[in-house]
Amino acid sequence: MKKRILTSIIAFIAIAMGVWADNITFSPLQYETLPNMQIARRGHVCFATADGDIVVVGGHTTGFKLTSTAERLHNGQWESVSISNPHDGAGYVTLPDGRVIICGGFSSGSGVGQSKPCDVYDPATNTFTTTGSLNTARGFVTVVSTGVGNNVLASGNWYANDNTFELWNGETWTAFGEKTVPLNHPFMVSDGQGIVYVFGCRNNYSRLVPITVWRVNTNDQTAEVITETGLEAYEEVCHGDYFSFQTSDSRIYLMAKKKDETTLRLLYFSAITGKATELATLPAAIPNVTDKIDYVPGIMVNEARKEAYIMGYYGKNLVVLNYALETGKMTVFYGGPFEGNPSWGMWALQPTTNKIIFTGGSVSGNFDPITTCIAVTPYAKKEGSPELQYTFNEADKTATVVYKKVQKTIDEYHITYVNGYQGDIVIPEEVNGYTVTAIDDYAFMNDWGTDELTISSIDIPNTIKKIGKFAFYNCLLLKELTIPASVETIGEQIIAGSGVQELTVEDSDQPLNIYVVSNDMALLAYGEQCTKVYLGRNIRINSEYGEGTGGYGPFTWAGALTDLTYGPQVSWLHNSECWRADNLQRVTFLTDKVKELPESAFGECTNLSSIQLPSKLERIERTGIFGSQKLKTITLPATVRYVGGQGLDNPNLEAIYASPTTPPATEENYSYFGGENVLSNCKLYVPKGSGEAYKNAPIWKDFQNIIEEERLGISTLNASKVQNAYFTLGGQRVNQPTRSGIYVNNGKKVVVK
């Protein structure tokens, strides 16, 4: 009896503090009113550009009238943008090149009829261009990027035919396939290589039908219905509102309901596995509130913060559920009256502020759209460390964290001034209405170089764009440092003399600029203890030597570095990228965008024992991988067509797995493999049928052990015959992956980190 009473008391205290069962926290919602749109809208398209502008397109306005207008929220003001087509209830998707395609919609007021026209928005010029029209007029259509060029797949319709898929090649649409079940607002997700999964549970008349999943191969324009997807237990997946938000790892997140249940489940569907995975049950209500939460279909993911956001409402109040992708924790932000019905507006995630921008909607149905625009903060703002000091820029309302000068007594006769920061530091996103965008030169430098005055951890927000030189100099207790994707520039030697052991540069398709006075050594990882680096973006070195030319690379002479991983956004390396990084042991490329290893990229890395090369590598320049005493094997991807002098010169090689069927070109009269020892002892494995070509090719013919073996490349691998086996992308079979990289297992791509 006592135990029951105690449990009830704990539950009551938890509710009073805002904590609910199953790892859910409830918190007040923070939002701000932005300038109203010029035109009231409902059923419009709303998206954010990489620069943070918000663009709204079409929809219908007061009286259910279509509007062939668009506008952009830029520098705090809405401005008109010319467009020819209305796009009410259209589909849209951002293309790999940053443009946005908007497709179809309704052709007349009152939601009657469908339309074919498509327009492409270019954020660089702030203009719309009409492109090829759909073959079938479509409303409530879903579109997705296939991952092959700018190709786009379209599917779905409302009160009209939906019996084919349509593929856009950048100019025109081609219809193909045959759909036995028409859908409106289907969910779609691509594997990034042309395979798209299409599924839903509402037909073109919005009637509930069994969930059907198609696997569409846009490369050969075929489609097949598949089963055993993990969705069999669900009666309904909530249809998306004009978008399917796909993550970089080829997932979309869904809300689904099982038969005879009222609660919604959170799932994700992976285009890599072709299966759904359940994550959590969504809370049905706010504590002590009678109204139930009505969730709005469509889930957005903030990959920078590793969070998924679900919008909803109760009564006339907004709700944003924040699901932490790594921990599974849920925070429900709620409250605040809202003009109109939140389920009828459109929303976009603003990358520059990490806020949700909510536009338009209606007060009482289709005939009364509104101009409202608000910014919602879908996460708990972190309180900054109170001792931080700043300089403020009135012109753009930004703040910079600066050195904190404090007096230190040496003895009764002497005093000095040192940096006063110590302990755990949290930098806020804003302070006193100013956005915190920079960390100044020497801001957290430890003057004395001891543990007496130093910081032990630092949380850098995604508003920071610049980190100054020597920012963490001599911070001996600082063991880990993450540079957010928002950072555009850093100064030289930011972790010199520090205790940083692990450095993470978050993924971004924008380069990180390093500004230095001269081309110093190990610009990015110059720390006596920095052993592990994850590099998620390209590096540009800006110095008197020019951008990325001459001098050193970012990891030259990085003496402590042992593990280096290149993320999927990296597309090029510097000359001497890791030259003489003496303790470097493992290099892993999770990217297929790097086509060349430049000169001395991994030259004289004497302890390098493992390197997994990019799967689409084409060239290895002179001394590209050179001088390792520990490297025993190298696998050359099938795309390699050139190897420069001493490009693979490592004296203790035992095996080279050469995947190209045509021997890579070489330079005559140039040393390659360190002499007769390697040529006599190292086995050269080549694809079946290409042995004679290697035996007659310059340089390669000098190997005394050339062995043909059958290769199972990723495109030809027969999963039924190699169950549970792992293969590199070059076709080499391994018993079990022991290092980071991309492998094929049972016909699926597996990423090992």
Conditions first: (1) assigned to a strand (DSSP E or B); (2) surrounded by fewer than 17 Cβ atoms within 10 Å (Cβ to Cβ). S364 passes all but one, so which condition is the exception? (1)
Being of a type in the set (G, A, S) and over 21 Å from the mean Cα position of the chain (by Cα) narrows it down to one of G147, G98, G132, G194, so name that one. G132
Is it true that G423 is in contact with a Ser or Thr (Cβ under 8 Å, 6 or more places away or on another chain) and not hydroxyl-bearing (S, T, Y)? yes
If you scan the range 553-572, which residues turn out to be touching a residue at least 40 places away in the same chain (Cβ under 8 Å) and open to solvent by 40 Å² or more (accessible area, probe 1.4 Å)? P568, Q569
Taking P182, is it under 25 Å from the mean Cα position of the chain (by Cα), under 16 Å from G139 (Cα atoms) and not hydrophobic (A, V, I, L, M, F, W, C)? no
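What number of residues within the range 378-403 satisfy the criterion of being at pLDDT below 90 and either touching a Leu at 6+ places or on another chain (Cβ under 8 Å) or open to solvent by 20 Å² or more (accessible area, probe 1.4 Å) (or both)? Give the steps one after another, and end with the answer.
Keep residues of the range 378-403 that are at pLDDT below 90, which gives 379-387.
Those still in the list that are either touching a Leu at 6+ places or on another chain (Cβ under 8 Å) or open to solvent by 20 Å² or more (accessible area, probe 1.4 Å) (or both) too: 380-384, 386-387.
Going through the range 378-403 one residue at a time, the tally reaches 7.
Does the range 575-591 include one or more residues that are in a loop (DSSP other than H, G, I, E, B), touching a Lys or Arg at 6+ places or on another chain (Cβ under 6 Å) and open to solvent by 60 Å² or more (accessible area, probe 1.4 Å)? Break it down into steps so the answer makes sense when it comes.
Step one: filter the range 575-591 for residues in a loop (DSSP other than H, G, I, E, B), giving 575-585, 590-591.
Now restrict to residues that are touching a Lys or Arg at 6+ places or on another chain (Cβ under 6 Å): none.
No: the range 575-591 contains no residue that is in a loop (DSSP other than H, G, I, E, B), touching a Lys or Arg at 6+ places or on another chain (Cβ under 6 Å) and open to solvent by 60 Å² or more (accessible area, probe 1.4 Å).
In this structure, is Y545 over 29 Å from N446 (Cα atoms), at pLDDT below 95, of a type outside the set (S, T, N, Q) and surrounded by fewer than 23 Cβ atoms within 10 Å (Cβ to Cβ)?
Numbers: over 29 Å from N446 (Cα atoms): yes; at pLDDT below 95: yes; of a type outside the set (S, T, N, Q): yes; surrounded by fewer than 23 Cβ atoms within 10 Å (Cβ to Cβ): yes.
Yes; evaluated as a whole, the condition is true for this residue.
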For the range 259-276, enumerate the residues that are within 20 Å of the chain's Cα centre (by Cα) and among the β-branched types (V, I, T). I272, T273
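Restricting attention to the range 615-658, report how many residues are touching a residue at least 60 places away in the same chain (Cβ under 8 Å) and more than 30 Å from the chain's Cα centre (by Cα). Lay out the reasoning, then the answer.
We begin by selecting, within the range 615-658, every residue touching a residue at least 60 places away in the same chain (Cβ under 8 Å); these are 615, 635-638, 657.
Add one more test, that the residue is more than 30 Å from the chain's Cα centre (by Cα), and what stays is 657.
Total meeting the criteria: 1.
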Does any residue in the range 60-81 that is over 13 Å from T127 (Cβ atoms) and open to solvent by 50 Å² or more (accessible area, probe 1.4 Å) come within less than 7 Å, Cβ to Cβ, of a residue that is among the aliphatic types (A, V, I, L, M) and assigned to a loop (DSSP other than H, G, I, E, B) six or more places away or on a different chain, and which pairs are these? T62/A40; S68/I83
Kindly provide the set of residues from the range 674-696 that are open to solvent by less than 50 Å² (accessible area, probe 1.4 Å) and in contact with a Pro (Cβ under 9 Å, 6 or more places away or on another chain), ordered by number. G674, G675, V678, V686, P687, S690, A693, Y694
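Which of the residues belonging to the range 335-358 are assigned to a strand (DSSP E or B) and modelled with pLDDT under 90?
If the condition is that a residue be assigned to a strand (DSSP E or B) and modelled with pLDDT under 90, then G335, G336, P337, N341 are the ones that fit.
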Boolean, T180 is within 29 Å of E79 (Cβ to Cβ), β-branched (V, I, T) and open to solvent by 50 Å² or more (accessible area, probe 1.4 Å): no
Checking Y205 against (1) over 19 Å from G91 (Cβ atoms); (2) surrounded by fewer than 21 Cβ atoms within 10 Å (Cβ to Cβ), the condition it does not meet: (1)
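The values are calculated or read from the model by the stated rules, or taken from the named source; none is laboratory data. Owing to the predicted nature of the structure, the values given are computational and were not obtained by experimental measurement. Virtual Cβ from ideal backbone geometry, glycine too; neighbours counted across all protein chains shown. SASA here: full protein model, heavy atoms, side chains in, ligands and nucleic acids out. Shrake-Rupley method; radii C 1.70, N 1.55, O 1.52, S 1.80 Å.
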